[in-house]
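Working notes, structure below.
The values are calculated or read from the model by the stated rules, or taken from the named source; none is laboratory data. Computed from a prediction, not measured in an experiment: that's the story for all the values here. Here the Cβ positions follow ideal geometry from the backbone for every residue, glycine too, while neighbour counts run over all protein chains shown.
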Amino acid sequence: MLRSSIARGPGNVVGDCQSPCGLEVDWSEDRMSQQTIRQQARRAAREMAEKRRKAREERERRVIDLVERVIVAIGERDAAVTETEKRAGEALGELTQREGLSLGEAVEWCGGTVTVREATRLRRLASESQSDADRDHGGEQDGLQAGDPAAAGAGGGVGTGSTAG
């Protein structure tokens, strides 16, 4: 340990001193110039600032990684919910269109797992999804919408339909 003294006026000397950052500094003018003291203080301050900056950067990287995981998981959940709701809506549509049940009857058959209001929303979601898919794949077929219930029974018979060529 270096001995340090601080001169406080003529003949007034105070004992050893250790800096808060752990550096032992000899404050006496005869051993170290004021310039050297300032240089050491600046160097210590820069080192501490650099350590803190690196710690902040590491923490920010960890936070960004975790936030990304949250957002991806929520996005995957939303996609899964949308897909399952679409399938439920399609099944409800088949119950009402193909099987001839009223929406209330279809809801009863579902055993209380869905309300009429939710069933309506699910069927609408499925039909909107079907409309979007139809637009993406060319829209109409033989003058009827692909999702149109009339398309299933229209024309009947062999040889009807579009002539691809």
Quick one: how many residues across the stretch 99-141 are loosely packed, with under 12 Cβ neighbours inside 10 Å, modelled with pLDDT under 95 and either basic (Lys, Arg) or touching a Gly at 6+ places or on another chain (Cβ under 8 Å) (or both)? 1
Of the residues that make up the stretch 72-83, is at least one touching a Ser or Thr at 6+ places or on another chain (Cβ under 8 Å) and among the hydrophobic types (A, V, I, L, M, F, W, C)? no
Filter the stretch 83-98 for residues that are in a helix (DSSP H, G or I) and among the basic types (Lys, Arg); which is surrounded by the most Cβ atoms within 10 Å (Cβ to Cβ)? Lys86
Is it the case that the stretch 50-69 has a residue that's under 30 Å from Leu125 (Cβ atoms), of a type in the set (Val, Ile, Thr) and at pLDDT 60 or above? yes
